[in-house]
Amino acid sequence: MTTGKLIVVSAPSGAGKTTICHRLQQAFPDYQFSISATTRPRRPNEIDGRDYFFFSEQEFDRKVAQNEFVEWEYVHGFRYGTLLAGLQRALDKGHILLLDVDVKGGVSIKNRFPADTVAVFIDPPDLETLKRRLKGRGTDNEEAINKRLSRIPEEVSYKNNYDYVVVNDNLDKAVDEISRILKGA
Ligand code: ADP
Ligand code: 5GP
């Protein structure tokens, strides 16, 4: 019997998941943020152990072989995974953990910890808005944006597996809606 909670937040790339998760962290300072492992190279503003655990391919392989991941997936060409130890520790200590994972990972976590997971899918208002936001963010070149856009139909097909779907049209409204969901969870 655990007393913690896992809040899974997933969305198509550019829908506003990162922005919303930062706002949720400010609104709920006692929530902890799950730190995933990845083989993606570290970006200049990122810190190993704070943003991700940056693993080499070999390190990642070893953790997979030792069954240390609850789930892992290829996302945009790199591997990303949630380490079981972190989740178990948070649940055992009664913490609330916020997990920013892709749709397949989100569904895997929900299946593994059904009674402890609240899964929220963030929907963009429409495709044009999503494209505009990805371009406006300025972090991806056209090829990377197209790669992200090509994944959207698959990502959206997982929406029905989520407990809640929140449209991120107006940011404040979306954050309020999710906050209400989480207060009731
Ligand atoms: P994700 O993490 O889902 O890929 P981001 O949080 O990086 O998406 O958001 C993509 C871009 O859209 C960012 O530049 C962000 O500032 C902007 N954005 C997020 N939510 C909104 C919103 N409701 N209205 C307008 N712009 C938004
Ligand atoms: P980024 O490279 O932009 O930080 O993240 C890319 C994508 O990887 C995001 O959609 C994010 O949700 C997803 N992601 C991050 N960590 C994990 C994880 O542990 N598991 C899965 N399945 N996806 C993850």
If packing is taken as the average number of other Cβ atoms within 10 Å across a peptide's residues, how do 27-38, 118-129 rank, most packed first? 118-129, 27-38
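Can you pull the percent of the chain's accessible area that's carbon plus sulfur, 1.4 Å probe, other chains left in place? Please report the intermediate quantities before stating the final value.
Values: 4790 of 9990 Å².
Here carbon and sulfur together make up 48 percent of the probe-accessible area.
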May I have the pair-distance distribution P(r) for the chain, computed from all Cα-Cα distances with 5 Å bins from 0 and rounded to whole percent? 1, 8, 16, 20, 21, 18, 10, 4, 1, 0
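I'd like the antiparallel share, as a percent to the nearest 5, of DSSP beta bridges with both residues in the chain. Show your work: numbers first, answer last.
Values: 8 of 27 bridges.
Counting only bridges with both partners in the chain, antiparallel ones make up about 30 percent.
Please compare each pair in Lys5/Lys131; Lys147/Lys173; Lys5/Lys173; Lys5/Lys104; Lys104/Lys147 to a cut-off of 26 Å on the Cα-Cα distance and tell me which ones are over it. Mind showing how you got there, number by number?
On the way: Lys5/Lys131 33 Å; Lys147/Lys173 29 Å; Lys5/Lys173 23 Å; Lys5/Lys104 19 Å; Lys104/Lys147 17 Å.
Correct reply: Lys5/Lys131; Lys147/Lys173.
Could you order the peptides 101-110, 15-24 from most to least packed, using the average number of other C-beta atoms within 10 Å per residue? Spell out each step's value before the answer.
Values: 101-110: 22.0, 15-24: 19.0.
Packing proxy ranking, top to bottom: 101-110, 15-24.
Given a 1.4 Å probe, how much area per residue of the chain is accessible, in Å²? List each step's numbers first, then the result.
On the way: 9990 Å² over 185 residues.
For the chain, the per-residue accessible area is 54 Å².
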Candidates Asn161, Asn67, Asn45, ranked by Gaussian network fluctuation over the chain, Cα under 10 Å, top entry: Asn45
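The values are calculated or read from the model by the stated rules, or taken from the named source; none is laboratory data. Just so you know, these numbers come straight off a predicted model, no measurement behind them. Methodologically, a virtual Cβ is constructed for each residue, glycine included, from the backbone with ideal geometry; neighbour enumeration extends over all protein chains shown. Remember, those area values only see protein heavy atoms, side chains included, never the ligands or the DNA or RNA. Shrake-Rupley method; radii C 1.70, N 1.55, O 1.52, S 1.80 Å.
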